[in-house]
């Protein structure tokens, strides 16, 4: 049995019914044949098609160790397609228009397109009847899986984050190479001025590295990644949490494009200053993703403002080349010392995830597959690998051998592709970091002792010099910040094909054109370019768009908390 890329139009439904009848007739004399429902209870081989809106460069068609074990235990093979550019916007738009869907989909921010097209199955009853492990994991969080107050269906189960997750380390922020910090005596880095001074001081002493021009700071503005390294840092450095393109007032729940905050204008003024002083890479807004990573891998980029997942491939290349001291430390950096970094403000459980489409011929088998992956056995396999190969159990504790940890640290891409560890979290629910199973072991390998063991020698040296054990200690902790009642707004589905959607696209086009212009203009012209951008946003309909988004935020708060905030 094989999942097909079909939508359930009346015509195809009738054809399927006819084909089904013919198959039943043909199989009457075969006592060994099994129905779909019977297959759902066993491990008979089956292939399901899947599309993931995130890239997965180390996907190995389930020929890795973990993938083979999953197939052995469940009979399931996943025929996967991942969006190379991340996001899935174009591909999912085509699916919704054509009615051609995979069996399973991870739509990321495009769920509404599929819901509006009638492509998604409500998983509520499937979970209730066939998925005890999913019910156990989500527990009292099931209410947060509902699509909206008007449509309380569960179309996806969140898989991009773990339930009850604790964050033990920082993997983003403002980065500086270990060698730079060491040579300058491990200076304090808390403000934009501190950060700028460190890069400038080292650059002046080392205008070239390995015969090539030194690059004090480069950013990745290729397509949607402009948000990650250019625009998102503006709210981080000015004390706002991550709510995508919006700032949400915690008292009134009113939303506005975060660029309108006066503090953020000052952040972009700082980037303008960096560019005009020759500290920001002149190619920042024209280079492609691979060029950005290539520069990092050369070891001549002193500073980044990024998330580790976005440059990890290049950093792994540095480790493999013996340039451990050219990897990056993560700092919390703000516009001034009075600002409190909200990077780790708690959102509660909130995530986007995976769903089953109307093209799936056996949703029961799929939900049971997902449920097995959510079992203790399935979670340990996905996170730790195979006992005896990737970890051992010593005195009741799971332990990663040094040689395995070395490979994981220094050659992560090859390690992931070979082992499959971490590649299958997208396919089902899981507990987050810091949660222990019935054997008193952590479900994941991201806990303080293991994180520290995974640091390179240069990282450990830097951390020791600053008197801390993880990068997160540079940041305010969750306990110091209030819970966001609306979760992470960027996970909130919004209707597609509406006036809101059209206006949002217009504002995005304006931001992605005008922010680079503001950074690249002369200091004397900065205010005009930035203020013109804000006026252009409002002219494009931003104010009405913000009002509509505010309504949705309030609806979500009501759905999740029971408060009447309208």
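FYI, it's all coordinate maths here, none of it is from the lab. None of the values given here were measured: they were computed from a predicted structure. When we count neighbours, we look across all protein chains shown, and the Cβ atoms used for this are built from the backbone with ideal geometry, even at glycine.
Principal axis extents of the C-alpha atoms in segment 335-381 (largest first, rounded to whole Å): 57, 28, 15.
Is the C-alpha gyration tensor of segment 219-293 telling us rounded, prolate or oblate? Criteria: a/c under 1.5 is rounded; beyond that, a/b larger than b/c is prolate, otherwise oblate. Display every interim value, and only then the final one.
Details: a/c = 3.35, a/b = 1.73, b/c = 1.93.
Oblate, because a/c is 1.5 or more while a/b does not exceed b/c.
Rounded to two decimals, what ratio of Rg to Rh does segment 287-335 give with C-alpha atoms and a Kirkwood Rh? The partial results should precede the final answer.
Details: Rg = 10.9 Å, Rh = 11.2 Å.
Here Rg/Rh amounts to 0.97.
The antiparallel fraction among DSSP beta bridges confined to the chain stands at about 60%.
For segment 205-350, a Kirkwood hydrodynamic radius built from all Cα pairs, placed in the Stokes-Einstein relation at 37 °C and 0.692 mPa s, yields a translational diffusion coefficient of 198 µm²/s. Principal-axis analysis of the Cα atoms of the chain puts helix 10-26 at an angle of about 50° to the longest axis. Taking the empirical scaling 2.2 N^0.38 Å for compact globular proteins as reference, the chain has a Cα radius of gyration ratio of 1.02. Subtracting the Cα-Cα distance of residue 386 and residue 414 from 0.36 nm times their residue separation leaves 8.4 nm of extension gain.
Were the residues from residue 535 through residue 561 laid out at 0.36 nm apart, the gain over their Cα-Cα distance would be 5.8 nm. With axes computed from alpha carbons, what is the tilt in degrees of helix 289-298 against the longest principal axis of the chain, rounded to the nearest 10 within 0 to 90? That helix lies at roughly 60 degrees to the long axis.
Extension gain, residue 252 to residue 498, is 86.1 nm, computed as 0.36 nm per intervening residue step minus the present C-alpha separation. Relative contact order of the chain, taken over Cα pairs closer than 8 Å and 6 or more residues apart, is 23 percent.
Working from label points 7 Å from Cα in the Cα-to-Cβ sense, the residue 508 to residue 122 distance is 2.9 nm.
For segment 431-552, the calculated P(r) over all alpha carbon pairs, in 10 Å bins from 0 to the bin holding the longest distance, is 10, 21, 20, 24, 22, 4, 0 percent. Taking segment 454-493, how much of its Cα-Cα pair set, in percent, is spaced more than 12 angstrom apart? The answer is 70 percent, as a whole percent.
Give me the percent relative contact order of segment 118-256, please, defined on Cα pairs under 8 angstrom at least 6 residues apart.
Details: 74 pairs, mean separation 14.2, N = 139.
Relative contact order, segment 118-256: 10 percent.
The Kirkwood hydrodynamic radius of segment 518-566, based on inverse pair distances between different Cα atoms, is 13.2 Å. Between residue 90 and residue 490, the simple label model (points 7 Å from Cα in the Cβ direction) yields a spacing of 2.2 nm. In segment 279-395, the C-alpha radius of gyration followed by the widest Cα-Cα span (Dmax) gives 21.3, 58 angstrom.
Over segment 45-95, the hull volume per residue, using the convex hull of the C-alpha atoms, is 67 Å³. In this calculation the C-beta distance from residue 224 to residue 394 is compared with R0 = 51 Å, giving a FRET efficiency of 0.70.
Write down Rg/Rh for segment 365-515, rounded to two decimals, with Rg from the C-alpha atoms and Rh from the Kirkwood relation over Cα pairs. Rg/Rh for segment 365-515 comes to 1.07.
All alpha carbon pair distances within segment 62-185 were sorted into 10 Å bins beginning at 0; the resulting P(r) in whole percents reads 9, 27, 33, 19, 8, 4, 0. Counted over segment 483-552 with a bin width of 10 Å, the fraction of Cα pairs per bin, in whole percents, is 18, 40, 29, 13, 0. Separation of segment 505-520 and segment 348-389, taken as the distance between their Cα centroids, equals 39 angstrom.
Enter the angle in degrees (range 0 to 90, nearest 10) between the Cα long axis of helix 457-466 and the first principal axis of the Cα atoms of the chain, meaning the one along which they spread out most. Orientation of helix 457-466: about 60 degrees from the principal axis.
In segment 132-269, inverting the average of 1/r over every pair of distinct C-alpha atoms gives 19.1 Å as the Kirkwood radius. Segment 420-449 and segment 54-90 have Cα centres lying 19 Å from one another. Mean separation of Cα pairs under 8 Å and 6 or more residues apart, divided by the residue count, gives segment 349-482 a relative contact order of 22 percent.
Considering all C-alpha pairs of segment 145-196, those separated by over 17 Å amount to 63%. Most tightly packed first, judged by the mean number of other beta-carbon atoms within 10 Å of their residues, the peptides 393-404, 554-565, 171-182 read 171-182, 554-565, 393-404.
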